[in-house]
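Undergrad: Here it is, the structure in full.
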Amino acid sequence: MDLAGSLRMRLLTAAGCTVLGMGVLTLSTALAAAQEASDRADVSRAAAPVPVEQQDLDSFLASEAAAEERASHTRPQVFFPDGDVGAAWPTPKKTSQKTQPVQHAAPSHAMAPVARQALATSPAPGSATLPPSTERKAPELSPFAGAAAADEGREAPAESASGATVQATPANPAIAGTPAVAEDPFAGLQAFAETEEQAREEAVQLAAVFKREVPAALPLSPERKTLMEQLARQQLEQAGYVISRPQTMVVVDRNPAVQRLALFLAMPDGPGGDDWPLIGSARVSTGTVGRKHYYITPTGVFINTADRLGYRALGTKNENGIMGIGVKGMRVWDFGWQVAEKGWLPSREKGPIRLEMHATDPVYLEQRLGRTASAGCIRIPSTLNVFLDRHGLLDAAYEHKALDDARFKALLRPDRDPSVVAGVTVVVVDTAPPKEAGKTAALKDGMAHKPASG
């Protein structure tokens, strides 16, 4: 190649490198410009204000979370660590339906029987009258029915075994212990004593069966019987409960020095109603004091109404091997939410408990009946539990309901022999003088109760 050709080749190579370098420079410049534009866009987006709707949503969610956190710490708790049943206060399900303002009426227990009956049969103001076939209301299911936690003495969930949240209304301290229904619980029940003479004969037969079937039976002195009967009559009068016909009635004396149950045949007022025949008596255990989360069993009149469906024990044991409400199949009578004094507080502040009457562990706890020990419920001997259950002495309303409701029929014993004087009522009284009741309870609890054994 001559000199001119070599010079031409070098010039072309230099030009190509120059063009390539310019291209690389142009590409890097373009990329840098694009990155700078992207950064400016991010900065502009970050500086842009959040829409008002988004701000409101975030604020709302934050406030809801804070309210829920506060509620979890302030929601009242009911503890029954000793084998009795307890739960957090039931929380109603959220609904999107608009609720009408509630019109508070005067308590029905303060009305005369005729007025209470009229109130029970008349529709609420502003409510639509439903056909007879749709007016039936499902009974309130116990939040502990079928739950193993109930037998194990743990804090039970506020839901029933079916998973439905219990829609319970907190008890009003002013009317706690009053009848739950205004209707006559014996209306429509066919099998009932027609005369007082027939009722007294039935009571004599039941007393004989009581002695035979309840080995834990104890005699009751005439003075104690008269005092318990008088206090029960006072509670019934204060609650507006009218004894319309002869009926069995359980009267429990929560006096720490007594701790006794008496089964009476309560008679209507009249020539033959001055004396209530005693069917039998046995030791019980009611709520104690001095132990945290233990409530004093409230006094008052409590009805085994068909508006609530009780249940039976599963017989499971807790971590200490205790069957809190007795062996499998033992009956649990549920008297709903009540207000009771907190036995561990000197101020006797009140709180909600689910008041029930049930058996207890036959090996470890039944032998301790006769002294305050429960967390608020009424513990009874297992043989007395079977006696009341087999003869339906608190199931008059359940027997009537079982005629057209399979759930109540399934709860009642298939081998039962309902008495013609069956009742529905438990009355809790206190024969201790008011000033000495707390002192006696604390003294008896300190001498006879050992927290380690429950």
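Undergrad: Would you confirm whether any residue within segment 382-389 is surrounded by 22 or more Cβ atoms within 10 Å (Cβ to Cβ), part of a loop (DSSP other than H, G, I, E, B) and in contact with a Gly (Cβ under 8 Å, 6 or more places away or on another chain)?
TA: no
Undergrad: All but one of (1) farther than 21 Å from residue 208 by Cα; (2) small (Gly, Ala, Ser); (3) surrounded by fewer than 24 Cβ atoms within 10 Å (Cβ to Cβ) hold for residue 282; which doesn't?
TA: Of the numbered conditions (1) farther than 21 Å from residue 208 by Cα; (2) small (Gly, Ala, Ser); (3) surrounded by fewer than 24 Cβ atoms within 10 Å (Cβ to Cβ), the odd one out for residue 282 is (1).
Undergrad: Hey, among the residues in segment 278-292 that are among the hydrophobic types (A, V, I, L, M, F, W, C) and part of a loop (DSSP other than H, G, I, E, B), which one's farthest from residue 245 (Cα to Cα)?
TA: 289
Undergrad: Separate question: Scanning for something basic (Lys, Arg), surrounded by fewer than 21 Cβ atoms within 10 Å (Cβ to Cβ), touching a residue at least 24 places away in the same chain (Cβ under 8 Å) and not in a strand (DSSP E or B), does segment 252-270 turn up at least one residue?
TA: No, every residue in segment 252-270 fails to be basic (Lys, Arg), surrounded by fewer than 21 Cβ atoms within 10 Å (Cβ to Cβ), touching a residue at least 24 places away in the same chain (Cβ under 8 Å) and not in a strand (DSSP E or B).
Undergrad: Looking only at segment 329-366, count every residue that is farther than 22 Å from residue 308 by Cβ and out of contact with any helix residue (DSSP H, G or I) (no Cβ under 6 Å at 6 or more places or on another chain) and tell me the total.
TA: The qualifying residues number 14.
Undergrad: Taking residue 303 and the conditions (1) within 27 Å of residue 421 (Cβ to Cβ); (2) surrounded by fewer than 21 Cβ atoms within 10 Å (Cβ to Cβ); (3) not aromatic (Phe, Trp, Tyr), which numbered condition does it fall short on, given that it satisfies the others?
TA: (2)
Undergrad: Which residue pairs have Cβ atoms under 8 Å apart, sit 6 or more places apart or on different chains, and have a first residue in segment 387-408 that is under 26 Å from residue 207 (Cβ atoms) and a second that is crowded, with 20+ Cβ neighbours inside 10 Å and among the basic types (Lys, Arg)?
TA: 388/331; 389/331
Undergrad: Separate question: Looking at (1) closer than 18 Å to residue 427 by Cβ; (2) not in a strand (DSSP E or B), which is the one condition that is false for residue 326?
TA: (1)
Undergrad: Here's another thing I want to ask about it. Of these, 275, 361, which one is out of contact with any Leu (no Cβ under 8 Å at 6 or more places or on another chain), of a type in the set (Asp, Glu), crowded, with 18+ Cβ neighbours inside 10 Å and in a loop (DSSP other than H, G, I, E, B)?
TA: Unique residue meeting the criteria: 361.
Undergrad: When residues of segment 206-258 are filtered for being in contact with a Leu (Cβ under 7 Å, 6 or more places away or on another chain) and among the acidic types (Asp, Glu), how many remain?
TA: The total comes to 0.
Undergrad: Hey, another quick one. For residue 227, only one of the following conditions fails: (1) surrounded by fewer than 21 Cβ atoms within 10 Å (Cβ to Cβ); (2) in contact with a helix residue (DSSP H, G or I) (Cβ under 9 Å, 6 or more places away or on another chain); (3) over 18 Å from residue 371 (Cα atoms). What is its number?
TA: (2)
Every number in this text was worked out from the coordinates using simple rules, so none of it is lab data. Because the structure is a prediction, the values reported are computed rather than measured. Methodologically, a virtual Cβ is constructed for each residue, glycine included, from the backbone with ideal geometry; neighbour enumeration extends over all protein chains shown.
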